[in-house]
Structure formats: C-alpha cells, structure tokens
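The values are calculated or read from the model by the stated rules, or taken from the named source; none is laboratory data. What you see is a predicted model; the values in this text were computed from it and never measured. Positions of Cβ are backbone-derived with ideal geometry, glycine not excepted, and every protein chain shown enters the neighbour counts. Note: areas computed on protein heavy atoms with side chains; ligands, DNA, RNA excluded. Shrake-Rupley method; radii C 1.70, N 1.55, O 1.52, S 1.80 Å.
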Amino acid sequence: MRLRAFLEENHPGRPPGDAADRLAWQKAWLATVFDAGYAGPGWPSEYGGMNLDFARQVIYQEEYARARVPGPLGTGLGIAAPTIIEYGTAEQKERLLPPMLRGDSVWAQGYSEPGAGSDLQALRATARRDGDEYVVNGQKVWNSSADIADIIFTLVRTGTPQSRQRGISYLLVDARAPGVTVRPLRDLTGGTQFCEIFFDEVRVPVADRIGEENGGWPLVRTSLGHERAAGAMNQAARYRRVLDELVELAHRRGATADPLVRDRLADFEARVRILRYTGMRTIADIMAKGEPGPASSVSRLFIVTFEQDLHEFAMDLLGACGMLGRQDPHAVQRGRWVWGFLRTRASTIGAGTAEIQRNTIGEQVLGLPRDPAMPELDGSV
C-alpha cells in the first residue's frame, strides 16, 4: 500500500525533548505529509485534501495510527475546518484551509469561559463593531494548544447580554495581536495542556468573521459535532494498540491467571471493537449528511468512559507502583499509565460534559422528554 510505504519510509523518528524543537519537528512532518499529497483524507482536494471515499478514509485512519507518527497540531483540523468548509466564503476557504492542513498555522479553540462551559449560550466575551473591525474583550479558559496557536477561533457576544444563542458570532483572532494574552494552566499530570486567554480591546477584521453576525450558533453546533466525531477512527486504532499494550502489562505482572482480570480484558476487547464500528458509522454519517449529527454524542460518551475505565484498570494492575509519576526512575513504563490515568480525569468534561452528552442522546437521539433544567433544544449542544 502506498500510504503505508510512505509512512514507513518517511517516519520522523522519536520526538525531541525540547518543546520548541518538538513543535518544529511536528510542523516539518505535517508539511512532508501535505507536500506528498497524503494530508486531509476527508478534505476537499481543492484545499489540499485527498477527498477519499468512506472505505479509504477508514483504511487511512487505521494505517496512520498504526504507524505511530505525529498527528495534527492544535484543534483546528477537526473542529474549525469543517465549519469553514460549510460556512466560510470562497476567499476564506482559499486563504485559511491549506495553511492549516499543512501545519503552517496552528489553531486553538476559544469557546469555554469561567461562567460558560457546557452552557455556551451564557458566554460574556463581547465584540463591538467599529467600522471594518470588531473590538473584542473577555476571557476564555480550558483552551488546548493556545500557547502555540497562530489563530484562535472563538465565540463572542455581538448581541445584547440577554440574546443568548441569538447574539453569538464566530470570529478568528490573530493569537499574536495586541491585547491577546495566553497563560498556561498546570493540570493533574504536571503539564500545561490547557491555557486561559484574555482579550483586551483586541481588534479583529470583519473579514475574519465566519458566517453572519449574530448567526454563530449553528456554526457552534457544527464545530462541536465535528469535535466529538473528529478522529473517531484514529481513536479506535490508537486504543486498539493501547489495549494490546495493557494486555502485555497484565502478562508481565502475572495477573492474567486471575479470571476477574481476564474478564475485564475481554470487556475492553469488546469495547475497542465497538469503538471501531462507531467510528465507521460516524464517518459514514458525515459523508452522507455532511454532519455527524447528535449521534456524535454517542461516540464521544463511549470513548471518554472507555478510556477512563481502561486507565483505572491499569492503575489496579500497577498496585503500589501506581503512586510513581513520570519523573520517578522506578516508574513502570516511564509512568505512562499513571500519566494516562491523570489525563483522562478530564475526559468526561472536554467537548461537552458526559452529562451534556447524555442529555443530547436522550433528547435528540432517543426522543425522550427534555430536561427542564437544561437550555431549550434549539440552542443545546
């Protein structure tokens, strides 16, 4: 297979230890993939993608995960790109999409706020129109990759404070513009995967608004649907490998003689296969309808609960060694399972909490009565 041969022959090797070197290393790899014509399996070809059919997208994601090569930088490809392809102007698509796919520009999401997480309709960051520009003020939080981003795709209130989802616009902000401040947030793993962003009188050209003014809410739903669906097959392939490595860990620790351990491993085996079929269904829905729809919440909820359960089980296998972090020289497998356990504590919060996903599934997939404590369906995500 040409893709497999390309990935093997051009594999970039192990990442550098230094953060700046690692960023340059990953950008160089993404440029290599793009220039060779192997980027964006589901993207339109006019923007540098491969425009593959369903079956070949499945194969691509499995081969890419199997090769263990770097994935995309930032959160733009899986979230902002589908929104721009759907709602952007011809000029915006031509200007923004190829550099994003090649890795020349890194994108970060600016949605959640201290007082508006799952209830995004309550966001308070504002954008005041001033001629051909907006003046943006406010704060965003829990922003992945904002510290390395070139562009922040964000939601702002252009309507009245009471306008809820009817007064939200979708803007692209230059991450290095005057008035933008990004501060890393340290998490349970000891790392800084998330940031908070402050906008202080930041000027944004009207040309960098996607969609209509006050018409950003449908774009939000597109973005979040694709965020929940993004890389579904890649996730399935990655966890196929992780589960194999967990089974090997159980063997090494002499735990597989325990029937309860074997029962848990069998359960994980069934669930990782379901992940694959769910990912295939998601890709099929996107290709057939252009959107993953509310069923993407099923995939998202299944993945996050699975990865939490898997890492909790890994900690059980480690026993007392589960207290040793990545920096401890005696940590098992350099502390990877401990790090994964700590990282996945946030899995059921990102891209909409597990509770939000269950509400979406109940109301929009199963047709159950609406939870009166939640926002109306026309604005829910």
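Yes/no per residue for (1) open to solvent by 50 Å² or more (accessible area, probe 1.4 Å); (2) within 23 Å of THR89 (Cβ to Cβ):
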residue: THR160; (1), (2): yes, no
residue: VAL180; (1), (2): no, no
residue: LEU185; (1), (2): no, no
residue: CYS195; (1), (2): no, no
residue: PHE198; (1), (2): yes, no
residue: VAL206; (1), (2): no, yes
residue: GLY211; (1), (2): no, yes
residue: PRO218; (1), (2): yes, yes
Please indicate, with yes or no, whether at least one residue in the stretch 327-337 is closer than 20 Å to GLY78 by Cα, out of contact with any strand residue (DSSP E or B) (no Cβ under 8 Å at 6 or more places or on another chain) and crowded, with 19+ Cβ neighbours inside 10 Å. no
Condition met for VAL173 (out of contact with any helix residue (DSSP H, G or I) (no Cβ under 6 Å at 6 or more places or on another chain), modelled with pLDDT of 95 or more and open to solvent by less than 10 Å² (accessible area, probe 1.4 Å)): yes
Buried (at least 17 other Cβ atoms within 10 Å of the Cβ), part of a loop (DSSP other than H, G, I, E, B), free of Cβ contacts under 8 Å to residues at least 24 places away in the same chain and of a type outside the set (S, T, N, Q): which single residue out of LEU73, LEU52 fits that description? LEU52
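Can you find a residue in the stretch 56-64 that is within 21 Å of ARG209 (Cα to Cα) and buried (at least 18 other Cβ atoms within 10 Å of the Cβ)?
Among the residues of the stretch 56-64, not one is within 21 Å of ARG209 (Cα to Cα) and buried (at least 18 other Cβ atoms within 10 Å of the Cβ), which makes the answer no.
This table checks each residue for (1) small (Gly, Ala, Ser); (2) in contact (Cβ under 8 Å) with a residue 24 or more places away in the chain; (3) open to solvent by 30 Å² or more (accessible area, probe 1.4 Å).
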| residue | (1), (2), (3) |
| --- | --- |
| ALA81 | yes, yes, no |
| GLU86 | no, yes, yes |
| LYS93 | no, yes, yes |
| LEU96 | no, yes, no |
| MET100 | no, yes, no |
| ASP104 | no, yes, yes |
| ALA125 | yes, yes, no |
| VAL135 | no, yes, no |
| LYS140 | no, yes, no |
Inside the stretch 116-166, can you point out the residues that are touching a Cys at 6+ places or on another chain (Cβ under 9 Å) and of a type in the set (S, T, N, Q)? ASN143, SER144, SER145
Which is at negative phi, open to solvent by 20 Å² or more (accessible area, probe 1.4 Å) and not in a loop (DSSP other than H, G, I, E, B), of PHE268, PHE306, PHE341? PHE341
Looking only at residues in the stretch 123-147 that are aliphatic (A, V, I, L, M) and at pLDDT below 95, which one is nearest to GLY167 (Cα to Cα)? LEU123
